[in-house]
Amino acid sequence: MDPRIPRLRHKLAAAPFQPRRSHSFGEEHHRFRPGPRLTRAQIAAFESEHAIALPGPYQQFLLHIGGSGAGPFYGLKPLRSCSLFTMQQSTAPGTPRGFDEASSTQEGDLFLHIIGMGCADVCLLTVTGPLTGRVVTGNSDGYWGPNISSARDFLAWYERWLDHMAQGRDNRALELTSPQLRNHPNRHRLAPKI
């Protein structure tokens, strides 16, 4: 087991009870409760069905913390309902690129849609290519992003969410609103993009 797992379990259990924590967008949907853990057989079946290998830290999370539920935005999607995406080709330098659901004949890096963000916004885990293991957010239609998290893997990204929330910090990339900005009329413009 990854040595970060016990620490993440503790932080997740404490998250809803911290009086000065940030508000996490969508928390009313998952209420900081992880869904049932997955077995190695369930993960292997998904990998075989989609001809991919899930990054190790994400597998560790699914095996030892939960297979869905508590997470940024609307929370982690159950693995069985996660779909693969590819990034759209660039139309012009400097313009945002969107994401399309992957087909079996499509080429390019693959991204697994792991977290519900709402509308056409997507939170993806890179499963092939040079960014394997990194979390990427964007908009399917290419209205913004893609933004690549600086966290080196899924567990580091998840822990950043828990830490920033516990510290009462703003983080637009994780949709966290601090107690100081929660009622401010321009809170989304004031929160720093990290």
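The values are calculated or read from the model by the stated rules, or taken from the named source; none is laboratory data. Model, not experiment: these values are computed from the prediction. Glycine also receives a Cβ, built like all others from the backbone with ideal geometry; neighbour counts cover every protein chain displayed. Each accessible area value is taken on the protein alone, full model and side chains, heavy atoms only, with ligands, DNA and RNA left out. Shrake-Rupley method; radii C 1.70, N 1.55, O 1.52, S 1.80 Å.
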Discussion item. With only alpha-carbon pairs counted, each pair once and no self-pairs, how large is the Kirkwood hydrodynamic radius of the chain in angstroms?
Written reply: 17.2 Å
Discussion item. Quick check on the chain: helices-only [θ] at 222 nm, where DSSP H runs of length 4 and up contribute -39,500 (n - 2.57) each and the sum goes over total residues. Nearest 500, please.
Written reply: -7500 deg cm²/dmol
Practice prompt. Could you do me a favour and compute the accessible area per residue for the chain, 1.4 Å probe, result in Å²?
Written response: 51 Å²
Worksheet item: Just by accessible area at a 1.4 angstrom probe, what is the order of Tyr143, Tyr74 from largest to smallest?
Response: Tyr143, Tyr74
Item to complete: Taking H placed 1.01 Å from N in the peptide plane, check which residues at least 5 places from Val127 or on another chain put their amide H under 5 Å from its amide H.
Response: Leu110, Phe111, Leu112, Gly133
Response to the item:
Those trypsin sites (Lys or Arg not before Pro) from region 1-44 that are DSSP loop and have at most 12 other Cβ neighbours within 10 Å turn out to be Arg20, Arg31
Discussion item. Could you tell me the center-to-center distance, by alpha carbons, between region 1-52 and region 103-136 in angstrom?
Written reply: 18 Å
Response to the item:
Contact order relative to length for the chain, counting C-alpha pairs under 8 Å separated by 6 or more residues, stands in percent at 22 percent
Item to complete: Please work out how much accessible surface Ser150 shows to a 1.4 Å probe, ignoring ligands, DNA and RNA, in Å² rounded to 10.
Response: 90 Å²
Fill in: Residue (of Ser81, Ser103, Ala120) at the positive-pole extreme of region 54-128, dipole from beta-carbon charges
Ser81
Worksheet item: Out of Phe25, Gln60, Gly133, whose Cα points farthest toward the positive end of the dipole of the chain (charges: +1 Lys, Arg; -1 Asp, Glu; placed on Cβ)?
Response: Phe25
Worksheet item: If r is the Cβ-Cβ distance from Phe17 to Ser150 and R0 is 35 Å, what FRET efficiency results, to the nearest 0.05?
Response: 0.80
Worksheet, complete the sentence: Largest-first ranking of Thr39, Thr137 by accessible area, probe 1.4 Å, whole protein assembly kept, is Thr39, Thr137
Response to the item:
Share of accessible surface on carbon and sulfur in the chain, whole %, 1.4 Å probe and ligands ignored, is 51 percent
Practice prompt. Would you mind computing, in nm to one decimal, how far apart the modelled labels at His29 and Glu107 are, each placed 7 Å from Cα along Cα→Cβ?
Written response: 3.5 nm
Worksheet, complete the sentence: Low-density loop GluC sites (Glu not before Pro), region 1-110, at most 16 other Cβ within 10 Å, DSSP non-H/G/I/E/B, are Glu107
